[in-house]
Amino acid sequence: MAGPVVLVTSASGRIGKELVARLKTSGRFTVRAATHSEAKGEYLKKLGADEVVRFDLTDKGTWDAALKDVEAVYSASLDPLLEHHLAFSGYLGGLRHQVKHVVRVSCMGADTNTASYNPKSHVSREGAGIPIMLQHYWWGEKALVDAGLPLTVLRANFFMNHLLKTSTDTIDTEGWFSNPLGKTRNSFVCTNDIAEVAAICLLEGPQKHANKFYDITGPAPQNMDEIAADLSASMGKKVEYRPQVFADFESDFGPTRAAFFEYLCNGFYSRCSPDFYNLTGRKPTSYAEYLANKGAAGETGLEELYQANMWKKGEDAMKAAVTAVSKH
C-alpha cells in the first residue's frame with residue numbers, strides 16, 4: 001500500500017538526491033521528486049523516486065500538480081529565488097488542511113524565531129548590519145511560520161565543497177584554490193548529513209519535530225590549509241590553499257555574497273553543534289570521510305565537487321534578488 005506523498009523540492013540537488021534515496025529506502029512514503037528539468041526524471045527514478053513532477057518556483061502554474069495530495073514537503077531553494085519562495089510559502093499556507101509537515105533547509109545564524117538577534121548589529125564590524133543574505137534566511141523561515149504550517153528548520157553551516165566549486169579549474173590544472181578565509185576555522189557540514197536529518201524529521205513527523213530549529217554542522221572546525229590537506233589526500237596529489245584579498249573576492253562575486261563571507265572570516269561559523277548527534281546518535285561526517293565515501297545517492301564528495309555550481313566569477317548572482325525582495 002502506498003504511503004503518504006512527500007514532495008522533495010530541488011530533488012536533483014546535493015541534498016535532495018540524498019533525501020530521495022533515503023526516503024525510498026524507508027518504504028514509508030510515496031516519494032515525489034520535484035525538478036526544474038524534466039531531463040533529470042530518469043535519474044531521480046533510479047534513485048528511488050516513485051513520481052517525478054516538473055516544479056518551478058518562478059512558475060506558479062507548476063505548483064498545483066506538484067502539491068496534489070502532498071502531506072509533507074522538503075523545502076529548499078536557491079538563494080536568488082527568495083522572492084519566489086516567499087510566494088510559495090503563502091501558497092502552502094492555503095493548504096494547511098492537507099500539508100501536515102514542512103522541513104525547510106536554512107542557514108545557521110538565522111535566529112529570528114529562536115533568539116534575540118538585532119539585524120542592525122554586525123558581529124565584527126561597527127556601524128554595519130547583519131549580512132542581507134543571512135537576513136534572507138530568516139525571512140524564508142518566517143514566511144513558513146507565518147503561513148501556520150508545522151515546520152522543522154535545518155539551519156546548516158556552509159556546505160563542504162561549497163567554497164571550492166569556483167576553483168575546480170585551478171585545482172585540476174595547477175593544484176591550488178583561493179578564497180579570503182585564511183586561518184579562520186569553520187565547521188563546514190556534509191550535505192549528506194543534512195539529508196539524513198531531513199529524512200529522520202520527515203519519518204518521525206511533526207509530532208516530534210514541529211516548531212524545532214536544528215543547527216547542523218561538521219564534527220570539527222577546519223581552516224583552509226586543513227581543507228587543502230584533506231583534498232590532497234583524496235585526490236592523490238598536492239593541492240594548496242592560496243589566500244585571497246577580500247576586496248578581490250568581492251570583485252569576483254559582488255558585495256552581497258562578500259558581506260556574507262565576512263562571517264566565515266570572523267569566526268561566526270566556527271561553532272560545532274550537538275544537534276546532529278542528538279538526532280542520529282552518531283558524530284557528523286568529516287570532510288575527509290565525505291570526500292572518500294559514497295552517500296545514499298551513490299556518489300562521493302569528491303565527485304560532488306565537480307557538479308552544479310550557481311556561483312560564477314565575474315557574476316553578481318544576488319544583485320537582482322536583493323533588488324526584488326527589497327520592494328516587498
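Go through the stretch 23-79 and tell me which strands (runs of 3 or more DSSP E), entirely inside it, have 3 or more residues that are within 19 Å of the chain's Cα centre (by Cα) and touching a residue at least 60 places away in the same chain (Cβ under 8 Å). Even if it seems obvious, please write down each step before you answer.
Working: elements: 30-35, 51-54, 70-75.
It comes to 70-75.
Report, by residue number, each residue of the stretch 78-118 that is hydroxyl-bearing (Ser, Thr, Tyr) and at pLDDT 95 or above. Walk me through how you get there before you give the answer.
Quick first cut of the stretch 78-118, residues hydroxyl-bearing (Ser, Thr, Tyr) only: 89, 91, 106, 112, 114, 116-117.
SER89, TYR91, SER106, listed by residue number.
Pairs, please: C-beta under 6 Å, at least 6 apart or cross-chain, first residue closer than 16 Å to SER178 by Cβ and in the stretch 213-237, second assigned to a strand (DSSP E or B) and open to solvent by less than 40 Å² (accessible area, probe 1.4 Å)?
If the second residue must be assigned to a strand (DSSP E or B) and open to solvent by less than 40 Å² (accessible area, probe 1.4 Å), the pairs left are MET224/TYR241; ASP225/TYR241; ALA228/TYR241.
Per-residue answers, yes or no, for (1) assigned to a loop (DSSP other than H, G, I, E, B); (2) without any contact (Cβ under 8 Å) to a residue 24 or more places away in the chain; (3) over 24 Å from ASN293 (Cα atoms):
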position	(1), (2), (3)
VAL145	no, no, yes
GLY148	yes, no, yes
HIS162	yes, no, no
THR166	no, no, no
ALA195	no, no, no
ALA198	no, no, no
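Right, SER124: among the small types (Gly, Ala, Ser), within 22 Å of ILE216 (Cα to Cα) and either surrounded by fewer than 15 Cβ atoms within 10 Å (Cβ to Cβ) or under 22 Å from the mean Cα position of the chain (by Cα) (or both) or not?
Values: among the small types (Gly, Ala, Ser): yes; within 22 Å of ILE216 (Cα to Cα): no; either surrounded by fewer than 15 Cβ atoms within 10 Å (Cβ to Cβ) or under 22 Å from the mean Cα position of the chain (by Cα) (or both): yes.
Considered against the rule, which asks whether it is among the small types (Gly, Ala, Ser), within 22 Å of ILE216 (Cα to Cα) and either surrounded by fewer than 15 Cβ atoms within 10 Å (Cβ to Cβ) or under 22 Å from the mean Cα position of the chain (by Cα) (or both), SER124 comes out as no.
In the stretch 230-266, which residue that is of a type in the set (A, V, I, L, M) and touching a strand residue (DSSP E or B) at 6+ places or on another chain (Cβ under 9 Å) is surrounded by the most Cβ atoms within 10 Å (Cβ to Cβ)? Step through it out loud before you land on a result.
First, the residues of the stretch 230-266 that are of a type in the set (A, V, I, L, M): 231, 233, 235, 239, 245, 247, 258-259, 264.
Then keep just the ones that are touching a strand residue (DSSP E or B) at 6+ places or on another chain (Cβ under 9 Å); that gives 231, 239, 264.
On the way: LEU231: 25, VAL239: 22, LEU264: 22.
Top of the filtered list is LEU231.
Which residues, taken from the stretch 288-303, are in contact with a Leu (Cβ under 8 Å, 6 or more places away or on another chain) and either within 20 Å of ALA228 (Cβ to Cβ) or in a helix (DSSP H, G or I) (or both)?
LEU291, ALA292, THR300, GLY301, LEU302
Quick check on the stretch 127-143: of everything there that is small (Gly, Ala, Ser) and outside any helix (DSSP H, G or I), which residue is least open to solvent (accessible area, probe 1.4 Å)? It would help to see each step written out before you state the result.
Taking the stretch 127-143 as the starting set, the residues that turn out to be small (Gly, Ala, Ser) are 127-129, 140, 143.
Narrowing further to those that are outside any helix (DSSP H, G or I): 127-129.
On the way: GLY127: 90, ALA128: 17, GLY129: 33 Å².
Per the criteria, the residue is ALA128.
The values are calculated or read from the model by the stated rules, or taken from the named source; none is laboratory data. Nothing here was measured: the structure is a model prediction, and the numbers come from that model. Backbone-built Cβ (ideal geometry, glycine too); neighbour counts: all protein chains shown. Only protein heavy atoms, including side chains, enter the accessible area calculation; ligands, DNA and RNA are left aside. Shrake-Rupley method; radii C 1.70, N 1.55, O 1.52, S 1.80 Å.
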